[in-house]
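Participant: Got a structure for you, questions after.
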Amino acid sequence: MLEKKHLEFREKIRAFALEQIEPLANTLDTEQRFHTEHMKPLTEMGLLSMLIPEEYGGKPTDTITYSIAVEEASRVCGSTGITLAAHNSLGTFPILKFGTEEQKKRYLPRAANGELIAFGLSEPDAGSDAGGTKTHAHRDGDNWIINGSKCWITSATKAFATIATARTSDNPEDRTITSFILEKDWEGYAVGKKENKLGLRGSDTAFLHFDDLKCPVTNQLGKEGEGFKQMLITLDGGRISIGAMALGLGQGAFDCAVKYAAERVQFGKPIAYNQAIQHRLADMATELEAARLMIYEASRMKDAGQPFSHYSAMAKLYASEVARRAAESTLTILGSVGYLTGKYPAERIWRDVKLCEIGEGTSEIQRLVIARHLLKQVQKT
């Protein structure tokens, strides 16, 4: 499945991650500090413009290459991995897919140059039920006036713009939802306090509040009422990147477990020679490789223009659960030393990886997506 260019890119991004990202990973987590130092090199390598065409300043790649980038960054630092995933898949993609030419020219070059774009879908009362959006927009001449809040927004404090949804009907029972491109420096746009999270503590997450925010009609993204459909299409691709993030975290845990098991001597021999440890390592390696194949296949299907919604849900579901199991097994193999912070990345990875079973659709939502696809296939026969 992987071509020579993919293998060469993996070597390049792996070397970059080890040299520039890994040394700061623990510090960023401990200090809950955004990885400002990484932004310039990430931009120069084209990792923040992997979906953006060259005409807008990007360095476009295929989806497999993009998945490898997220995987390898997350392998050493989940906070950096989720920043890449959210900016590319959720921030720039909707503008590229649904935006006007004017919108693309206005926002994509800035995104390619390292300015982050966030994604505002979730709300306090509309998580898995994103169709229950309560943020409201009403038309006032050449503007939309938007009121409401969005929560769990990745890079909220750093992004210069956000792709956000709002209900554009005055009827509370009408779920007509429209998407908008909202800029941080507009009056009425406020960023809430950064959340204190269990994991991914080097990634800023916060609420966004819109108070009579005046949004020009020219910043409406696509047609009125098509916002919910746009978000579902966006999430299909986003799930591939979150799957890749989970894979990277799981691989990082496995790397730690294998190295420790080979070096840790008990009862006169490395613990890697104990069958119980070997079985854990074998299971981890097998599941991670299976997850990798699923993510790359979903990536290939996306690039080929094939229906991939159900497969991206499968890949995200499987990879996130596999990675969580790998992190748990790694903590078991390391024992007490793995429970400590700082010495080994095991406990940080364990905290980071749980988000992959929650963000961009919980594992339960992925199962619903998969089951609906299966039932549709039965109904066609």
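The values are calculated or read from the model by the stated rules, or taken from the named source; none is laboratory data. All of these numbers come straight from a predicted model, not from anything done at the bench. Note that we place each Cβ from the backbone using ideal geometry, even for glycine, and neighbour counts take in every protein chain shown.
Participant: Quick one: residue 229 ticks every box in (1) without any contact (Cβ under 8 Å) to a residue 12 or more places away in the chain; (2) within 26 Å of residue 329 (Cα to Cα); (3) within 21 Å of the chain's Cα centre (by Cα) bar one, so which box is it?
Facilitator: Single failed check for residue 229: (2).
Participant: Determine whether the range 314-324 contains at least one residue that is out of contact with any helix residue (DSSP H, G or I) (no Cβ under 6 Å at 6 or more places or on another chain) and among the acidic types (Asp, Glu).
Facilitator: Yes, the range 314-324 contains at least one residue that is out of contact with any helix residue (DSSP H, G or I) (no Cβ under 6 Å at 6 or more places or on another chain) and among the acidic types (Asp, Glu).
Participant: Among 58, 99, 81, which is the only one that is in contact (Cβ under 8 Å) with a residue 40 or more places away in the chain, within 25 Å of residue 342 (Cβ to Cβ) and crowded, with 20+ Cβ neighbours inside 10 Å?
Facilitator: 81
Participant: When the range 292-347 is examined, which residues are found to be without any contact (Cβ under 8 Å) to a residue 24 or more places away in the chain and polar (S, T, N, Q)?
Facilitator: 306, 336
Participant: Could you check residue 9 against (1) crowded, with 24+ Cβ neighbours inside 10 Å; (2) farther than 23 Å from residue 158 by Cβ; (3) touching a Ser or Thr at 6+ places or on another chain (Cβ under 6 Å) and say which number it fails?
Facilitator: Among (1) crowded, with 24+ Cβ neighbours inside 10 Å; (2) farther than 23 Å from residue 158 by Cβ; (3) touching a Ser or Thr at 6+ places or on another chain (Cβ under 6 Å), the lone unmet condition for residue 9 is (1).
Participant: Of the residues that sit in the range 211-240 and are in a strand (DSSP E or B) and among the acidic types (Asp, Glu), which one is surrounded by the fewest Cβ atoms within 10 Å (Cβ to Cβ)?
Facilitator: The selected residue is 212.
Participant: Tell me, which strands (runs of 3 or more DSSP E) wholly within the range 129-176 include 2 or more residues that are modelled with pLDDT of 95 or more and touching a Gly at 6+ places or on another chain (Cβ under 7 Å)? Can you show your working first?
Facilitator: Values: elements: 136-140, 143-154, 161-167.
Answer list for the range 129-176: 143-154, 161-167.
Participant: Residue 256 fails exactly one of the following numbered conditions: (1) surrounded by 17 or more Cβ atoms within 10 Å (Cβ to Cβ); (2) at pLDDT 95 or above; (3) among the hydrophobic types (A, V, I, L, M, F, W, C); (4) closer than 30 Å to residue 121 by Cα. What is the number of that condition?
Facilitator: The failed condition is (4).
Participant: Listed residues 156, 190, 206, 111; which is of a type outside the set (D, E, K, R) and assigned by TED's automatic domain parsing to the domain that holds residue 91?
Facilitator: Unique residue meeting the criteria: 111.
Participant: Continuing with the same structure: Give the number of residues within the range 209-233 that are of a type in the set (Val, Ile, Thr) and assigned by TED's automatic domain parsing to the domain that holds residue 150.
Facilitator: 2
Participant: Tell me which of these residue 1 doesn't satisfy, since it passes every other one: (1) surrounded by fewer than 20 Cβ atoms within 10 Å (Cβ to Cβ); (2) of a type in the set (A, V, I, L, M); (3) in contact with a Lys or Arg (Cβ under 8 Å, 6 or more places away or on another chain); (4) within 30 Å of residue 343 (Cβ to Cβ).
Facilitator: Residue 1 satisfies all of (1) surrounded by fewer than 20 Cβ atoms within 10 Å (Cβ to Cβ); (2) of a type in the set (A, V, I, L, M); (3) in contact with a Lys or Arg (Cβ under 8 Å, 6 or more places away or on another chain); (4) within 30 Å of residue 343 (Cβ to Cβ) except (4).
Participant: Moving on to the next point. Kindly state which helices (runs of 4 or more DSSP H) lie completely within the range 262-381 and contain at least 1 residues that are surrounded by 13 or more Cβ atoms within 10 Å (Cβ to Cβ), over 22 Å from the mean Cα position of the chain (by Cα) and of a type in the set (Asp, Glu). Walk me through it before giving the result.
Facilitator: On the way: elements: 275-303, 309-334, 346-353, 363-380.
Here the list reads 275-303.
Participant: Please work out if residue 153 is crowded, with 23+ Cβ neighbours inside 10 Å and either touching a residue at least 40 places away in the same chain (Cβ under 8 Å) or among the small types (Gly, Ala, Ser) (or both).
Facilitator: Working: crowded, with 23+ Cβ neighbours inside 10 Å: yes; either touching a residue at least 40 places away in the same chain (Cβ under 8 Å) or among the small types (Gly, Ala, Ser) (or both): yes.
When the stated conditions are applied, residue 153 passes them.
Participant: Let me ask something additional. Any idea how many residues of the range 40-59 are in contact with a Leu (Cβ under 8 Å, 6 or more places away or on another chain) and not in a loop (DSSP other than H, G, I, E, B)?
Facilitator: Count: 2.
Participant: Turning to a different aspect of this structure: Pairs needed: first member in the range 248-265, closer than 17 Å to residue 351 by Cβ; second member anywhere, of a type in the set (Phe, Trp, Tyr) and outside any helix (DSSP H, G or I); C-beta distance under 9 Å; at least 6 residues apart or different chains.
Facilitator: Taking only residues 6 or more apart or on different chains, the pairs are 256/344.
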